[in-house]
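Q: Please find one structure pasted underneath; my questions will follow.
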Amino acid sequence: FNYSIEMEGDGHSSVVIPLSTSTTSKKRRTRKKQRPSSTTAALSDNKLVSLLLGIGCFSFCITTILFVHLDRDNPIPNLDDYKITSKIKFIPKETNVAAISSTSVNNNKQTQQKPKKKDIGISSDSDSASDSASASGNDDEKNNVVNSHIDSTEIDSSKEKLIQILVDSGLTITPEIGEKLPTWGEVKSLYGSKPRIVGLETCPNFQQNIPETDAYIGPSGIFNTGTNLLADLLLKYCTLPKRQPTERQIQQFNSEKRRMKTGMLWHVPWGKHNPISWRLKHKASLGSVGVNQENVLPVVVIKDPYHWMGSMCRHPYAASWQHSKNMCPNLLIRNRRREKKKLLTNKVTVEYRKTNPGHYESLVGLWNDWYGDYLAIEDFPRLIVRFEDLLFHLDEVMTQICNCGGGTLVNNEGGIKMQEKNAKAGHNNGSNGLLGAMLRYGHGEQRTDGFTEEEKTYAKKTLRKDMMDLFGYSHPTND
(Lines give C-alpha, C1' and ligand atoms only; values in the text may rest on other atoms or scores of the structure.)
Protein backbone atom coordinates (compact mmCIF):
# COMPACT_ATOMS: atom_id res chain seq x y z
CA PHE A 1 0.00 0.00 0.00
CA ASN A 2 1.11 3.57 -0.70
CA TYR A 3 0.34 6.51 1.56
CA SER A 4 1.26 10.17 1.52
CA ILE A 5 1.08 12.74 4.28
CA GLU A 6 0.82 16.37 3.18
CA MET A 7 1.62 18.90 5.86
CA GLU A 8 0.64 22.56 5.62
CA GLY A 9 1.18 25.35 8.08
CA ASP A 10 0.63 29.05 8.23
CA GLY A 11 3.57 30.54 6.37
CA HIS A 12 5.12 27.13 5.68
CA SER A 13 5.47 25.20 2.48
CA SER A 14 3.70 21.89 2.11
CA VAL A 15 5.53 18.66 2.83
CA VAL A 16 4.67 15.37 1.17
CA ILE A 17 6.08 12.22 2.76
CA PRO A 18 5.62 9.00 0.77
CA LEU A 19 5.21 5.82 2.79
CA SER A 20 5.05 2.31 1.45
CA THR A 21 4.86 -1.22 2.76
CA SER A 22 5.91 -4.14 0.68
CA THR A 23 3.81 -7.22 0.51
CA THR A 24 5.09 -10.73 0.77
CA SER A 25 4.57 -13.17 -2.02
CA LYS A 26 1.74 -15.59 -1.96
CA LYS A 27 4.16 -18.52 -1.62
CA ARG A 28 5.78 -17.08 1.52
CA ARG A 29 2.39 -16.32 3.11
CA THR A 30 1.15 -19.84 2.43
CA ARG A 31 4.29 -21.54 3.61
CA LYS A 32 3.71 -24.44 5.94
CA LYS A 33 4.05 -23.71 9.63
CA GLN A 34 7.18 -25.00 11.30
CA ARG A 35 7.65 -26.01 14.81
CA PRO A 36 8.97 -23.22 16.99
CA SER A 37 12.64 -23.55 17.84
CA SER A 38 15.27 -21.44 19.54
CA THR A 39 16.46 -20.31 16.13
CA THR A 40 12.94 -19.09 15.21
CA ALA A 41 12.62 -17.17 18.50
CA ALA A 42 15.93 -15.48 17.83
CA LEU A 43 14.75 -14.46 14.37
CA SER A 44 11.55 -12.97 15.87
CA ASP A 45 13.62 -10.90 18.28
CA ASN A 46 15.70 -9.65 15.37
CA LYS A 47 12.55 -8.57 13.50
CA LEU A 48 11.38 -6.62 16.56
CA VAL A 49 14.71 -4.87 16.80
CA SER A 50 14.61 -4.09 13.07
CA LEU A 51 11.10 -2.61 13.42
CA LEU A 52 12.17 -0.35 16.27
CA LEU A 53 15.18 0.82 14.29
CA GLY A 54 12.90 1.51 11.29
CA ILE A 55 10.62 3.66 13.41
CA GLY A 56 13.60 5.60 14.71
CA CYS A 57 14.89 6.17 11.20
CA PHE A 58 11.43 7.30 10.06
CA SER A 59 11.24 9.86 12.86
CA PHE A 60 14.69 11.14 11.96
CA CYS A 61 13.61 11.48 8.29
CA ILE A 62 10.55 13.55 9.20
CA THR A 63 12.62 15.90 11.32
CA THR A 64 15.23 16.27 8.58
CA ILE A 65 12.65 16.99 5.86
CA LEU A 66 10.94 19.59 8.02
CA PHE A 67 14.22 21.44 8.51
CA VAL A 68 15.02 21.26 4.81
CA HIS A 69 11.65 22.36 3.47
CA LEU A 70 10.45 24.89 6.02
CA ASP A 71 11.38 28.54 5.91
CA ARG A 72 14.36 29.06 8.27
CA ASP A 73 12.98 32.43 9.33
CA ASN A 74 9.88 30.78 10.77
CA PRO A 75 9.86 28.54 13.84
CA ILE A 76 9.17 24.84 13.56
CA PRO A 77 5.37 24.34 13.55
CA ASN A 78 3.76 22.84 16.60
CA LEU A 79 1.82 19.75 15.50
CA ASP A 80 -0.71 20.38 18.28
CA ASP A 81 -1.86 23.40 16.25
CA TYR A 82 -2.78 21.21 13.33
CA LYS A 83 -5.72 18.93 12.66
CA ILE A 84 -6.13 16.07 10.23
CA THR A 85 -8.58 16.28 7.37
CA SER A 86 -10.15 13.45 5.43
CA LYS A 87 -7.39 13.79 2.82
CA ILE A 88 -4.68 13.30 5.41
CA LYS A 89 -3.72 16.97 5.33
CA PHE A 90 -2.39 18.88 8.31
CA ILE A 91 -4.15 22.29 8.39
CA PRO A 92 -3.97 24.88 11.18
CA LYS A 93 -6.96 24.64 13.52
CA GLU A 94 -7.83 28.30 13.14
CA THR A 95 -8.17 27.86 9.37
CA ASN A 96 -11.73 27.33 8.06
CA VAL A 97 -11.61 24.12 6.07
CA ALA A 98 -14.94 24.79 4.36
CA ALA A 99 -13.77 28.21 3.31
CA ILE A 100 -10.62 26.73 1.79
CA SER A 101 -12.63 24.15 -0.14
CA SER A 102 -15.19 26.65 -1.42
CA THR A 103 -12.46 29.09 -2.37
CA SER A 104 -10.66 26.54 -4.45
CA VAL A 105 -13.91 25.49 -6.14
CA ASN A 106 -14.86 29.08 -6.88
CA ASN A 107 -11.41 29.79 -8.25
CA ASN A 108 -11.75 26.86 -10.62
CA LYS A 109 -15.19 28.10 -11.76
CA GLN A 110 -13.89 31.60 -12.31
CA THR A 111 -11.09 30.37 -14.49
CA GLN A 112 -13.52 28.34 -16.59
CA GLN A 113 -16.46 30.79 -16.71
CA LYS A 114 -16.57 33.31 -19.52
CA PRO A 115 -17.28 36.92 -18.62
CA LYS A 116 -20.94 37.89 -19.02
CA LYS A 117 -22.07 40.72 -21.25
CA LYS A 118 -23.37 43.79 -19.53
CA ASP A 119 -27.18 43.98 -19.32
CA ILE A 120 -28.82 46.61 -21.45
CA GLY A 121 -31.54 47.39 -18.94
CA ILE A 122 -31.74 47.08 -15.18
CA SER A 123 -28.75 45.90 -13.19
CA SER A 124 -28.91 43.34 -10.40
CA ASP A 125 -29.76 45.89 -7.71
CA SER A 126 -32.16 47.96 -9.79
CA ASP A 127 -35.32 46.35 -8.39
CA SER A 128 -34.65 47.63 -4.90
CA ALA A 129 -33.71 51.02 -6.26
CA SER A 130 -36.88 51.18 -8.31
CA ASP A 131 -39.02 50.12 -5.34
CA SER A 132 -37.41 52.79 -3.21
CA ALA A 133 -38.20 55.44 -5.79
CA SER A 134 -41.79 54.22 -6.05
CA ALA A 135 -42.23 54.27 -2.27
CA SER A 136 -41.14 57.90 -2.13
CA GLY A 137 -43.85 58.76 -4.64
CA ASN A 138 -41.40 60.70 -6.79
CA ASP A 139 -41.93 59.71 -10.41
CA ASP A 140 -38.97 61.79 -11.63
CA GLU A 141 -36.66 60.04 -9.19
CA LYS A 142 -37.96 56.66 -10.34
CA ASN A 143 -37.40 57.54 -13.98
CA ASN A 144 -33.87 58.65 -13.18
CA VAL A 145 -33.18 55.36 -11.41
CA VAL A 146 -34.45 53.36 -14.38
CA ASN A 147 -32.64 55.45 -16.97
CA SER A 148 -29.37 55.23 -15.03
CA HIS A 149 -29.33 51.49 -15.71
CA ILE A 150 -29.82 51.82 -19.47
CA ASP A 151 -26.65 52.02 -21.54
CA SER A 152 -27.68 54.28 -24.40
CA THR A 153 -24.55 53.34 -26.32
CA GLU A 154 -25.76 49.74 -26.58
CA ILE A 155 -29.47 50.40 -27.21
CA ASP A 156 -31.07 51.35 -30.47
CA SER A 157 -32.81 54.63 -29.60
CA SER A 158 -35.82 53.53 -31.64
CA LYS A 159 -36.45 50.74 -29.09
CA GLU A 160 -36.39 52.87 -25.94
CA LYS A 161 -40.20 53.19 -25.72
CA LEU A 162 -40.67 49.43 -25.79
CA ILE A 163 -37.83 48.88 -23.35
CA GLN A 164 -39.41 51.35 -20.93
CA ILE A 165 -42.71 49.43 -21.09
CA LEU A 166 -40.91 46.18 -20.31
CA VAL A 167 -38.86 47.75 -17.52
CA ASP A 168 -42.06 49.10 -15.95
CA SER A 169 -43.50 45.58 -16.04
CA GLY A 170 -40.63 44.35 -13.88
CA LEU A 171 -38.62 42.63 -16.61
CA THR A 172 -34.82 42.85 -16.75
CA ILE A 173 -33.63 43.58 -20.26
CA THR A 174 -30.69 41.50 -21.48
CA PRO A 175 -28.70 42.13 -24.66
CA GLU A 176 -30.44 39.16 -26.27
CA ILE A 177 -33.87 40.65 -25.53
CA GLY A 178 -32.75 44.04 -26.79
CA GLU A 179 -31.68 42.56 -30.11
CA LYS A 180 -34.99 40.74 -30.63
CA LEU A 181 -37.27 43.67 -29.82
CA PRO A 182 -38.92 45.48 -32.72
CA THR A 183 -38.20 49.14 -33.29
CA TRP A 184 -40.86 51.75 -32.66
CA GLY A 185 -40.82 52.37 -36.40
CA GLU A 186 -41.89 48.77 -37.01
CA VAL A 187 -44.75 49.10 -34.55
CA LYS A 188 -45.94 52.33 -36.17
CA SER A 189 -45.81 50.78 -39.63
CA LEU A 190 -48.22 48.07 -38.42
CA TYR A 191 -50.59 50.03 -36.17
CA GLY A 192 -49.86 53.73 -36.52
CA SER A 193 -48.48 56.07 -33.87
CA LYS A 194 -51.69 56.47 -31.83
CA PRO A 195 -54.33 54.13 -30.40
CA ARG A 196 -57.66 53.69 -32.17
CA ILE A 197 -60.80 53.46 -30.06
CA VAL A 198 -64.16 53.20 -31.80
CA GLY A 199 -67.30 54.39 -29.98
CA LEU A 200 -66.00 57.21 -27.76
CA GLU A 201 -68.82 59.41 -29.05
CA THR A 202 -71.32 57.11 -27.29
CA CYS A 203 -69.79 57.66 -23.83
CA PRO A 204 -71.97 60.67 -22.90
CA ASN A 205 -75.04 58.61 -23.76
CA PHE A 206 -73.97 55.87 -21.33
CA GLN A 207 -73.14 58.30 -18.53
CA GLN A 208 -76.41 60.23 -18.86
CA ASN A 209 -78.83 57.33 -19.26
CA ILE A 210 -77.37 54.59 -17.07
CA PRO A 211 -77.74 55.05 -13.27
CA GLU A 212 -74.36 55.40 -11.57
CA THR A 213 -75.42 53.08 -8.80
CA ASP A 214 -76.08 50.21 -11.21
CA ALA A 215 -73.56 50.69 -14.03
CA TYR A 216 -71.04 48.11 -15.25
CA ILE A 217 -68.11 47.78 -17.65
CA GLY A 218 -67.53 44.35 -19.22
CA PRO A 219 -64.97 42.98 -21.75
CA SER A 220 -66.04 41.16 -24.89
CA GLY A 221 -64.24 39.70 -27.90
CA ILE A 222 -63.80 36.60 -29.98
CA PHE A 223 -61.33 33.94 -28.83
CA ASN A 224 -57.62 34.87 -28.55
CA THR A 225 -58.06 38.63 -28.40
CA GLY A 226 -57.05 39.48 -24.81
CA THR A 227 -60.40 39.69 -22.99
CA ASN A 228 -58.94 38.20 -19.80
CA LEU A 229 -56.11 40.70 -19.88
CA LEU A 230 -58.55 43.60 -20.16
CA ALA A 231 -60.70 42.20 -17.32
CA ASP A 232 -57.69 42.04 -14.98
CA LEU A 233 -56.56 45.55 -15.91
CA LEU A 234 -60.04 47.00 -15.35
CA LEU A 235 -60.33 45.39 -11.94
CA LYS A 236 -56.95 46.76 -10.88
CA TYR A 237 -57.14 50.27 -12.24
CA CYS A 238 -60.81 51.30 -12.56
CA THR A 239 -63.83 51.54 -10.28
CA LEU A 240 -67.33 52.99 -10.43
CA PRO A 241 -67.37 54.81 -7.08
CA LYS A 242 -71.14 55.25 -6.78
CA ARG A 243 -72.05 51.65 -7.43
CA GLN A 244 -74.40 50.04 -4.91
CA PRO A 245 -74.37 46.27 -5.37
CA THR A 246 -77.39 44.31 -4.21
CA GLU A 247 -77.30 41.94 -1.26
CA ARG A 248 -77.50 39.00 -3.65
CA GLN A 249 -74.47 40.25 -5.59
CA ILE A 250 -72.43 40.74 -2.40
CA GLN A 251 -73.09 37.11 -1.45
CA GLN A 252 -71.21 35.94 -4.55
CA PHE A 253 -67.86 34.17 -4.06
CA ASN A 254 -64.89 36.47 -3.39
CA SER A 255 -63.62 37.12 -6.91
CA GLU A 256 -67.09 38.13 -8.15
CA LYS A 257 -67.88 40.08 -4.97
CA ARG A 258 -65.12 42.58 -5.69
CA ARG A 259 -66.19 42.91 -9.31
CA MET A 260 -69.76 43.60 -8.26
CA LYS A 261 -68.58 46.31 -5.88
CA THR A 262 -66.37 48.06 -8.43
CA GLY A 263 -68.60 47.38 -11.45
CA MET A 264 -65.73 45.84 -13.42
CA LEU A 265 -67.22 42.57 -14.70
CA TRP A 266 -65.18 39.56 -15.78
CA HIS A 267 -67.08 39.75 -19.09
CA VAL A 268 -70.35 40.96 -20.52
CA PRO A 269 -73.21 39.02 -18.89
CA TRP A 270 -74.35 37.47 -22.20
CA GLY A 271 -70.92 35.83 -22.60
CA LYS A 272 -67.76 37.53 -23.80
CA HIS A 273 -67.20 35.25 -26.83
CA ASN A 274 -70.84 35.13 -27.87
CA PRO A 275 -72.12 37.35 -30.69
CA ILE A 276 -73.80 40.64 -29.77
CA SER A 277 -77.11 39.16 -30.95
CA TRP A 278 -77.12 37.15 -27.71
CA ARG A 279 -77.52 40.32 -25.63
CA LEU A 280 -80.77 40.27 -23.58
CA LYS A 281 -81.33 36.67 -24.74
CA HIS A 282 -78.73 34.75 -22.76
CA LYS A 283 -77.17 34.81 -19.30
CA ALA A 284 -73.63 33.58 -18.85
CA SER A 285 -72.99 31.17 -15.99
CA LEU A 286 -70.45 33.55 -14.44
CA GLY A 287 -70.87 37.24 -13.64
CA SER A 288 -74.49 37.69 -14.64
CA VAL A 289 -76.28 37.36 -11.30
CA GLY A 290 -78.49 40.37 -10.74
CA VAL A 291 -76.90 42.28 -13.64
CA ASN A 292 -79.13 44.38 -15.85
CA GLN A 293 -77.60 43.77 -19.27
CA GLU A 294 -78.81 47.14 -20.54
CA ASN A 295 -76.63 48.85 -17.92
CA VAL A 296 -73.40 47.25 -19.13
CA LEU A 297 -70.87 49.12 -21.30
CA PRO A 298 -69.32 46.45 -23.57
CA VAL A 299 -65.63 47.00 -24.29
CA VAL A 300 -64.83 44.82 -27.31
CA VAL A 301 -61.24 43.78 -28.02
CA ILE A 302 -60.24 43.28 -31.66
CA LYS A 303 -56.96 41.96 -33.07
CA ASP A 304 -55.17 42.24 -36.42
CA PRO A 305 -56.97 39.50 -38.43
CA TYR A 306 -53.76 37.99 -39.80
CA HIS A 307 -52.20 37.61 -36.37
CA TRP A 308 -55.57 36.51 -34.97
CA MET A 309 -55.86 33.65 -37.48
CA GLY A 310 -52.42 32.47 -36.39
CA SER A 311 -53.62 32.54 -32.76
CA MET A 312 -56.65 30.45 -33.72
CA CYS A 313 -54.32 27.86 -35.25
CA ARG A 314 -52.55 27.53 -31.90
CA HIS A 315 -55.71 27.62 -29.75
CA PRO A 316 -58.97 27.06 -31.69
CA TYR A 317 -61.18 26.83 -28.58
CA ALA A 318 -64.81 26.20 -29.66
CA ALA A 319 -64.12 26.79 -33.36
CA SER A 320 -63.72 23.83 -35.70
CA TRP A 321 -62.69 23.61 -39.34
CA GLN A 322 -60.52 21.39 -41.52
CA HIS A 323 -56.92 22.11 -40.62
CA SER A 324 -53.80 20.57 -39.16
CA LYS A 325 -50.68 21.81 -37.44
CA ASN A 326 -48.85 22.02 -40.75
CA MET A 327 -51.86 23.30 -42.74
CA CYS A 328 -53.28 26.33 -40.97
CA PRO A 329 -55.19 28.62 -41.19
CA ASN A 330 -56.20 26.59 -44.26
CA LEU A 331 -58.68 29.17 -45.49
CA LEU A 332 -59.18 27.33 -48.78
CA ILE A 333 -59.64 23.65 -49.56
CA ARG A 334 -59.75 21.79 -52.87
CA ASN A 335 -62.91 20.17 -54.14
CA ARG A 336 -61.64 16.69 -55.01
CA ARG A 337 -64.93 15.71 -56.64
CA ARG A 338 -64.36 18.00 -59.60
CA GLU A 339 -61.80 17.50 -62.28
CA LYS A 340 -60.37 21.00 -61.96
CA LYS A 341 -60.15 20.64 -58.16
CA LYS A 342 -61.45 24.16 -57.64
CA LEU A 343 -60.49 25.93 -54.41
CA LEU A 344 -63.41 26.38 -52.00
CA THR A 345 -63.66 28.31 -48.75
CA ASN A 346 -63.08 26.23 -45.62
CA LYS A 347 -66.25 26.46 -43.50
CA VAL A 348 -65.92 27.21 -39.78
CA THR A 349 -68.35 26.19 -37.03
CA VAL A 350 -68.25 27.79 -33.58
CA GLU A 351 -70.06 25.97 -30.78
CA TYR A 352 -71.08 28.93 -28.63
CA ARG A 353 -73.49 26.38 -27.24
CA LYS A 354 -74.00 22.88 -28.58
CA THR A 355 -77.62 23.68 -29.29
CA ASN A 356 -76.82 27.01 -30.93
CA PRO A 357 -73.65 26.92 -33.06
CA GLY A 358 -72.53 29.61 -35.47
CA HIS A 359 -71.55 28.90 -39.07
CA TYR A 360 -69.12 31.03 -41.09
CA GLU A 361 -67.58 31.06 -44.53
CA SER A 362 -64.04 30.74 -43.13
CA LEU A 363 -61.88 32.24 -40.40
CA VAL A 364 -61.94 35.43 -42.43
CA GLY A 365 -65.73 35.27 -42.44
CA LEU A 366 -65.79 34.73 -38.67
CA TRP A 367 -63.69 37.87 -38.07
CA ASN A 368 -65.79 39.91 -40.51
CA ASP A 369 -69.18 38.85 -39.15
CA TRP A 370 -68.42 38.80 -35.43
CA TYR A 371 -66.89 42.29 -35.29
CA GLY A 372 -69.10 43.64 -38.06
CA ASP A 373 -72.18 43.01 -35.88
CA TYR A 374 -70.67 44.98 -32.99
CA LEU A 375 -69.60 47.77 -35.32
CA ALA A 376 -73.12 48.11 -36.68
CA ILE A 377 -74.64 48.73 -33.24
CA GLU A 378 -76.38 52.10 -32.92
CA ASP A 379 -78.97 51.38 -30.21
CA PHE A 380 -76.64 51.43 -27.19
CA PRO A 381 -73.11 52.57 -26.28
CA ARG A 382 -70.11 50.29 -26.83
CA LEU A 383 -66.37 50.66 -27.26
CA ILE A 384 -64.08 48.69 -29.55
CA VAL A 385 -60.36 48.77 -28.73
CA ARG A 386 -57.37 47.10 -30.37
CA PHE A 387 -55.48 44.40 -28.53
CA GLU A 388 -52.23 45.86 -29.86
CA ASP A 389 -52.99 49.19 -28.14
CA LEU A 390 -53.12 47.39 -24.80
CA LEU A 391 -49.49 46.45 -25.44
CA PHE A 392 -48.15 49.73 -26.81
CA HIS A 393 -50.55 52.44 -25.49
CA LEU A 394 -51.88 50.94 -22.27
CA ASP A 395 -52.08 54.09 -20.14
CA GLU A 396 -54.07 56.11 -22.67
CA VAL A 397 -56.45 53.28 -23.59
CA MET A 398 -57.28 52.32 -19.99
CA THR A 399 -57.89 55.97 -19.08
CA GLN A 400 -60.32 56.38 -21.99
CA ILE A 401 -62.22 53.19 -21.13
CA CYS A 402 -62.60 54.04 -17.45
CA ASN A 403 -63.70 57.62 -18.17
CA CYS A 404 -66.22 56.46 -20.75
CA GLY A 405 -68.02 54.29 -18.19
CA GLY A 406 -68.04 57.10 -15.64
CA GLY A 407 -65.36 55.41 -13.58
CA THR A 408 -62.43 56.63 -11.53
CA LEU A 409 -58.84 55.47 -11.96
CA VAL A 410 -57.21 53.85 -8.92
CA ASN A 411 -53.73 52.50 -8.17
CA ASN A 412 -52.33 54.64 -10.98
CA GLU A 413 -49.99 56.90 -9.04
CA GLY A 414 -46.97 55.53 -10.90
CA GLY A 415 -48.87 55.08 -14.15
CA ILE A 416 -50.89 52.18 -15.53
CA LYS A 417 -48.57 49.24 -16.07
CA MET A 418 -48.83 45.67 -17.19
CA GLN A 419 -47.07 42.95 -15.23
CA GLU A 420 -44.98 40.61 -17.38
CA LYS A 421 -46.29 37.44 -15.73
CA ASN A 422 -49.93 38.56 -16.02
CA ALA A 423 -49.80 39.84 -19.59
CA LYS A 424 -51.59 37.02 -21.36
CA ALA A 425 -53.16 37.18 -24.77
CA GLY A 426 -55.54 34.38 -23.72
CA HIS A 427 -56.23 32.03 -20.80
CA ASN A 428 -54.01 29.27 -22.12
CA ASN A 429 -50.79 27.98 -20.61
CA GLY A 430 -49.25 28.59 -24.00
CA SER A 431 -50.29 32.22 -24.13
CA ASN A 432 -47.70 34.91 -24.54
CA GLY A 433 -46.54 37.13 -21.71
CA LEU A 434 -45.84 40.81 -22.35
CA LEU A 435 -42.40 40.18 -23.84
CA GLY A 436 -43.61 37.33 -26.04
CA ALA A 437 -46.56 39.41 -27.22
CA MET A 438 -44.28 42.32 -28.13
CA LEU A 439 -41.95 40.07 -30.07
CA ARG A 440 -44.82 38.45 -31.95
CA TYR A 441 -47.11 41.42 -32.60
CA GLY A 442 -44.39 44.06 -32.95
CA HIS A 443 -42.89 42.33 -35.98
CA GLY A 444 -44.70 41.77 -39.24
CA GLU A 445 -42.86 38.64 -40.38
CA GLN A 446 -45.13 36.16 -38.57
CA ARG A 447 -48.44 37.64 -39.69
CA THR A 448 -48.86 35.21 -42.59
CA ASP A 449 -47.15 32.13 -41.21
CA GLY A 450 -48.87 29.09 -42.74
CA PHE A 451 -50.67 31.07 -45.45
CA THR A 452 -50.43 29.92 -49.06
CA GLU A 453 -50.29 32.52 -51.82
CA GLU A 454 -53.89 31.72 -52.75
CA GLU A 455 -54.95 32.25 -49.14
CA LYS A 456 -53.18 35.61 -48.96
CA THR A 457 -55.01 36.71 -52.06
CA TYR A 458 -58.33 35.44 -50.67
CA ALA A 459 -57.82 37.20 -47.32
CA LYS A 460 -56.89 40.49 -48.97
CA LYS A 461 -59.96 40.31 -51.17
CA THR A 462 -62.42 39.12 -48.48
CA LEU A 463 -61.48 40.99 -45.29
CA ARG A 464 -63.80 43.96 -44.94
CA LYS A 465 -61.97 47.03 -46.20
CA ASP A 466 -63.99 49.47 -44.09
CA MET A 467 -63.03 47.61 -40.91
CA MET A 468 -59.38 47.24 -41.91
CA ASP A 469 -59.18 50.99 -42.56
CA LEU A 470 -61.13 51.95 -39.44
CA PHE A 471 -58.82 50.01 -37.13
CA GLY A 472 -55.64 50.82 -39.04
CA TYR A 473 -54.82 47.28 -40.10
CA SER A 474 -52.98 46.78 -43.38
CA HIS A 475 -52.53 43.79 -45.63
CA PRO A 476 -49.08 42.19 -45.73
CA THR A 477 -47.00 43.02 -48.74
CA ASN A 478 -46.14 40.22 -51.17
CA ASP A 479 -42.55 38.96 -50.94
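The values are calculated or read from the model by the stated rules, or taken from the named source; none is laboratory data. Small disclaimer: the values here were computed from a predicted structure and weren't measured. Because the Cβ atoms are built from the backbone with ideal geometry, glycine has one as well, and the counts that use them run over all protein chains shown. Remember, those area values only see protein heavy atoms, side chains included, never the ligands or the DNA or RNA. Shrake-Rupley method; radii C 1.70, N 1.55, O 1.52, S 1.80 Å.
Q: For residue 272, state whether it is buried (at least 19 other Cβ atoms within 10 Å of the Cβ) and in a loop (DSSP other than H, G, I, E, B).
A: yes
Q: Residues that are farther than 18 Å from residue 369 by Cα and touching a Leu at 6+ places or on another chain (Cβ under 8 Å): list the strands (runs of 3 or more DSSP E) wholly contained in the stretch 276-358 that include at least 2 such residues.
A: Numbers: elements: 296-302, 332-334, 343-345, 348-350.
Per the criteria, 296-302, 332-334, 343-345.
Q: Please identify the pairs in which a residue from the stretch 277-297 that is among the aromatic types (Phe, Trp, Tyr) has its Cβ atom under 7 Å from the Cβ atom of a residue that is open to solvent by less than 40 Å² (accessible area, probe 1.4 Å), counting only partners at least 6 apart or on another chain.
A: Filtered contacts from the stretch 277-297: 278/270; 278/271.
Q: Regarding residue 182, is this residue touching a residue at least 24 places away in the same chain (Cβ under 8 Å), open to solvent by less than 60 Å² (accessible area, probe 1.4 Å) and within 30 Å of residue 292 (Cβ to Cβ)?
A: no
Q: Evaluate the stretch 446-458: report whether one residue or more is among the basic types (Lys, Arg), within 31 Å of the chain's Cα centre (by Cα) and within 15 Å of residue 363 (Cα to Cα).
A: Yes, there is a match, as at least one residue in the stretch 446-458 is among the basic types (Lys, Arg), within 31 Å of the chain's Cα centre (by Cα) and within 15 Å of residue 363 (Cα to Cα).
Q: Let me ask something else. Hey, could you check the stretch 299-325 for residues that are polar (S, T, N, Q) and touching a residue at least 24 places away in the same chain (Cβ under 8 Å) and say which is surrounded by the fewest Cβ atoms within 10 Å (Cβ to Cβ)?
A: 322
Q: With the condition kept exactly as written, say whether any residue in the stretch 409-431 is modelled with pLDDT of 95 or more, open to solvent by less than 70 Å² (accessible area, probe 1.4 Å), under 29 Å from residue 282 (Cα atoms) and in a loop (DSSP other than H, G, I, E, B).
A: Scanning the stretch 409-431, I find no residue that is modelled with pLDDT of 95 or more, open to solvent by less than 70 Å² (accessible area, probe 1.4 Å), under 29 Å from residue 282 (Cα atoms) and in a loop (DSSP other than H, G, I, E, B), so the answer is no.
Q: Considering each residue of the stretch 238-252, count those that are open to solvent by 10 Å² or more (accessible area, probe 1.4 Å) and under 18 Å from residue 395 (Cα atoms), and give that number.
A: 1
Q: Which condition does residue 386 not pass, out of (1) of a type outside the set (Asp, Glu); (2) surrounded by fewer than 17 Cβ atoms within 10 Å (Cβ to Cβ); (3) in contact with a helix residue (DSSP H, G or I) (Cβ under 8 Å, 6 or more places away or on another chain); (4) closer than 28 Å to residue 233 by Cβ, if it passes all the others?
A: (2)
Q: Okay, next question. Taking the stated definitions as given, is residue 279 among the charged types (D, E, K, R) and in contact with a Gly (Cβ under 9 Å, 6 or more places away or on another chain)?
A: Details: among the charged types (D, E, K, R): yes; in contact with a Gly (Cβ under 9 Å, 6 or more places away or on another chain): no.
No: the conditions fail for residue 279.
Q: Shifting gears a bit: Taking residue 287 and the conditions (1) farther than 19 Å from residue 476 by Cβ; (2) crowded, with 22+ Cβ neighbours inside 10 Å; (3) modelled with pLDDT of 95 or more, which numbered condition does it fall short on, given that it satisfies the others?
A: It is condition (3) that residue 287 fails.
Q: Could you run through the stretch 436-464 and say how many residues are open to solvent by less than 30 Å² (accessible area, probe 1.4 Å), part of a helix (DSSP H, G or I) and not hydroxyl-bearing (Ser, Thr, Tyr)?
A: Residues in the stretch 436-464 being open to solvent by less than 30 Å² (accessible area, probe 1.4 Å), part of a helix (DSSP H, G or I) and not hydroxyl-bearing (Ser, Thr, Tyr): 5 in total.
Q: Which of (1) touching a Gly at 6+ places or on another chain (Cβ under 7 Å); (2) open to solvent by 60 Å² or more (accessible area, probe 1.4 Å) is the odd one out, the single condition residue 208 does not satisfy?
A: The failed condition is (1).
Q: Which of (1) open to solvent by 30 Å² or more (accessible area, probe 1.4 Å); (2) under 23 Å from residue 392 (Cβ atoms) does residue 233 not meet, given it meets every other one?
A: For residue 233, the exception is condition (1).
Q: Of the numbered conditions (1) under 25 Å from residue 357 (Cβ atoms); (2) crowded, with 20+ Cβ neighbours inside 10 Å; (3) not hydrophobic (A, V, I, L, M, F, W, C), residue 263 fails exactly one; give the number of that condition.
A: (1) is the only condition that residue 263 fails.
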